[in-house]
Amino acid sequence: MDVASSSSSSSAIKIDTKRPHTTATGLFSPISDDLLHNILSRLPALSFASAACVSKSWNQICSRILNRPKLASALSLHPSPKVAVNEVIEKVLAEPIRPHFVVANIGSGFRLYDISKLISKKLGSSVPFIISTSSGIVGRDALTDEIKEVMWGEVCGDGSDEDCSIPAKDVNCGILLTVGFVPGLKVDVIPLLRTTKEPQEVLLDKFITDIMDYTASVSDCTSPVGIMMFGDGLLDMKPIVDALDYAMPAETVIVGDERGRFLYRSENESRNVCGSAKYFTDAVALIFAKDKGKPHGIGDIQFQIALSNGVSTVGPRHKAVSVKVNECEHSTWLTARREGHPEILDGQQILDDINDGLGNHADSSDLYIGVTKRRKISIGSEKPRWITSLEYHGVVGGDDQYLYVSGVGIKTGDYFNFYRSDPQTALASCSNISASLKKLKLDENPKHRRHMSEVFGGFMFACCGRGEPFFGRTNVDGSPFVENFPRVPLAGIFCGGEIARGSLRLTGEAQKDSDARCTLHVYSTIYLVLSYTPAPAPLGH
């Protein structure tokens, strides 16, 4: 029996409802509500779900026990998929919880399809889930309860994994499982589809429309509270996230992993197209929308993000002069001028200047250019509008002709700065975030908690270039959250590209260039902090 189906069965707890209750003067007295509340709150999730079906009064007590949002998360590094899944599920279901969504992050040594079958068997076939192959995981061990940071290396997307049955080619075994209960929100998975017939078309407008339509169907608006995305690594996610940034209000938080393999299940069967002859799935989004049918007495869930920056600028600003695109290698060749100078520089000249500025860091830093791009964008048939964004391109090299960078989309006249990966900048940024989270923690005054927000969970998306090799020690990326909220669940992964869009009010940061928005980051760690503000108490209480 799974958690979802057990809500309609009471087989786990058998009660003889025909036997008359004894009075307080008899051998046994009826169980008081307080005692029953204490007993039921200690049950594991499966037994708790069954207990809620025993009677109306038991159901009401169970609802009082589980009246706040909850996140449960655990990891296992056992090499057996079956054992690993059993370990994490046993841990996340050790206490009362009703799964509204599931996110599983696995090593590439596990098959997506195998993990999905094991999870569905335990958690039911109706709960929306996303399972993704990540570059590493951060979380609490299911057996020891210790925080662990595990790095496996970058994951490359593979379109042939659409049937989810590619054999593993390595031994990166492990799973991080996260189950969420979010009363007051509705959650589902929506895919970004691409047609299989030539010319293949990415259905971006449909993706955004599907998100808005779903949100409107369950909420009083068309904009979700939050979006968690996972890309497959084959599609350039920049236009996708830019379109979402353009379509959604500033209040909608967007986070995720740009590159990896994934499998998903939506509550809407028409969206479950894995293995379809008509569509490929290029990305998936877990949508969190306000529930217009939210029960009375349920408070509000807030999504807040913070960003630990891991790059610093090097050298002067440049302006692209000549630009050539190599479509086969998905790269760009360019020459440039230093801002305020007429001389056109080739790739070697540019790199010589930058390496002089790097000094002792020339051999130890990854190098990027951050290009400020002003482009037109539109959704559907509406009139295009201009947006200005910042996009990073990795520097591949340079010679006496061109500077070579990864990616495309750079135009003559675009301005760019050089950035290097910088552990010291990242450490300082982590310290700032820790201080901001400490302030948030201090605001959780127990005497007034009924009227103030309380952090109940967090997600972390860190660049796969960070971690122990970057800092020289483990658990640096997770420390700002773990040190401030040691008993609050944190589910973290290492990414091949960090997606983050939303207000940074949590850390009080403001963009230096408010017109240039950055949605895909490099050498960063994104923290998504989930908090809950209870509903105001009725007058007279």
Quiz item: For His341, His318, His296, what's the largest-to-smallest order of accessible area, 1.4 Å probe?
Solution: His296, His341, His318
Self-check item: Accessible area per residue, Å², the chain with all protein chains present, probe 1.4 Å
Solution: 46 Å²
Quiz item: Using a 1.4 angstrom probe and counting only protein chains, how large is the accessible area of Trp152 in Å², to 10?
Solution: 40 Å²
Practice problem: Give the accessible area for Tyr415 in Å² (nearest 10); use a 1.4 Å probe, count only protein heavy atoms, and leave out ligands, DNA and RNA. | Solution: 70 Å²
Quiz prompt | the stretch 205-263: relative contact order in percent, alpha carbon pairs under 8 Å with at least 6 residues between | solution = 40 percent
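Go through Phe48, Phe280 and list them by solvent-accessible area, largest first, probe radius 1.4 Å.
Numbers: Phe48 0, Phe280 60 Å².
Ranking Phe48, Phe280 by accessible area, largest first, yields Phe280, Phe48.
Restricting to Cα pairs below 8 Å that are 6+ residues apart, what does the relative contact order work out to for the chain? Please round to a whole percent. Spell out each step's value before the answer.
Working: 1250 pairs, mean separation 87.7, N = 541.
Result for the chain is 16 percent.
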Exercise. Measure off 7 Å from each Cα along the Cα-to-Cβ vector at Glu90 and Lys206, then give the distance between these two points in nanometres to one decimal.
Key: 4.4 nm
Exercise. List, in the order given, every pair from Lys292/Lys441; Lys206/Lys238; Lys117/Lys294; Lys319/Lys376 whose Cα-Cα distance in the structure shown is over 23 Å.
Key: Lys292/Lys441; Lys117/Lys294
Quiz item: How much solvent-accessible surface does Glu146 expose, in Å² to the nearest 10, with a 1.4 Å probe and all protein chains in place?
Solution: 110 Å²
Quiz item: Given a 1.4 Å probe and every protein chain left where it sits, what share in percent of the accessible area of the stretch 65-159 is carbon and sulfur?
Solution: 49 percent
Quiz prompt | Spin-label model distance (nm) - Leu442 vs Ser32, 7 Å beyond Cα toward Cβ | solution = 4.0 nm
Quiz item: Quick one: length gained pulling Thr388 to Ser503 fully straight, 0.36 nm per residue minus the C-alpha distance?
Solution: 39.7 nm
Quiz item: What does the helix-only formula give at 222 nm for the chain: each DSSP H stretch with n ≥ 4 adding -39500 (n - 2.57), the total divided by the residues, and the result rounded to the nearest 500 deg cm²/dmol?
Solution: -6500 deg cm²/dmol
Quiz prompt | Computed E for Asn67/Ala435 - FRET, C-beta separation, R0 30 angstrom, nearest 0.05 | solution = 0.40
Exercise. Could you pull out every residue, at least 5 positions away or on a different chain, whose amide H is within less than 5 Å of the one on Gly136? Hs are placed 1.01 Å off N in the peptide plane, and Pro or chain starts have none.
Key: Trp152, Phe494
Practice problem: Please compute the Cα-Cα pair-distance distribution of the stretch 314-465 with 10 Å bins starting at 0, giving whole percents from short to long. | Solution: 9, 29, 24, 18, 13, 5, 1
Quiz item: Cα to Cα, under 24 Å, and not fewer than 8 places away if on the same chain: which lysines meet these conditions relative to Lys122?
Solution: Lys14, Lys70, Lys82, Lys91, Lys186
Quiz item: Taking 0.36 nm per residue of separation and subtracting the Cα-Cα distance, what length does fully extending Thr533 through Thr195 add?
Solution: 117.4 nm
Quiz item: With point charges of +1 on the Cβ of Lys and Arg and -1 on the Cβ of Asp and Glu, referenced to the Cα centre of the chain, which listed residue (Ala336, Val405, Ser531) lies farthest in the positive direction of the dipole?
Solution: Ser531
Practice problem: Keeping every protein chain in place, order Cys328, Cys62, Cys274, Cys173 by accessible area at 1.4 Å, biggest value first, i.e. largest first. | Solution: Cys328, Cys274, Cys173, Cys62
Quiz item: If r is the Cβ-Cβ distance from Lys324 to Lys294 and R0 is 41 Å, what FRET efficiency results, to the nearest 0.05?
Solution: 0.15
Quiz item: Angle between the Cα long axis of helix 238-247 and the longest principal axis of the chain, 0 to 90 degrees, nearest 10?
Solution: 60 degrees
Exercise. Using Cα centres only, tell me the gap between the stretch 349-396 and the stretch 99-131 in whole Å.
Key: 37 Å
Self-check item: Quotient of C-alpha Rg and 2.2 N^0.38 Å, computed over the stretch 59-121
Solution: 1.29
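Computed FRET efficiency, Cβ-Cβ of Arg337 and Arg374, R0 25 Å: what is it to the nearest 0.05? Before the final figure, lay out the partial values.
Details: r = 18 Å, r/R0 = 0.73.
Taking R0 as 25 Å, the efficiency between Arg337 and Arg374 is 0.85.
How big is D for the chain, in µm² s⁻¹ as a whole number, if Stokes-Einstein is applied with the Kirkwood radius of its Cα pairs at 20 °C and 1.002 mPa s?
Numbers: Rh = 25.0 Å.
My calculation gives 86 µm²/s for D.
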Quiz prompt | Degrees, to the nearest 10: 56-65 long Cα axis against longest axis of the chain | solution = 40 degrees
Quiz item: Pairing the Cα long axis of helix 347-358 with the longest principal axis of the chain, what angle in degrees results, from 0 to 90 and rounded to the nearest 10?
Solution: 60 degrees
Quiz item: Which ³J(HN,Hα) values in Hz, rounded to whole numbers, follow from the phi angles of the stretch 87-98 under the Karplus curve 6.51 cos²θ - 1.76 cosθ + 1.60, where θ = phi - 60° and Gly and Pro get x?
Solution: 5, 6, 5, 4, 6, 6, 9, 6, 10, x, 6, 10
Quiz item: Out of the DSSP beta bridges found with both residues in the chain, what percent are antiparallel (nearest 5)?
Solution: 85 percent
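The values are calculated or read from the model by the stated rules, or taken from the named source; none is laboratory data. Predicted model, so just to flag it, every value in this text is computed and none were measured. Glycine also receives a Cβ, built like all others from the backbone with ideal geometry; neighbour counts cover every protein chain displayed. These accessible areas exclude ligands, DNA and RNA; they are computed on the full protein's heavy atoms, side chains included. Shrake-Rupley method; radii C 1.70, N 1.55, O 1.52, S 1.80 Å.
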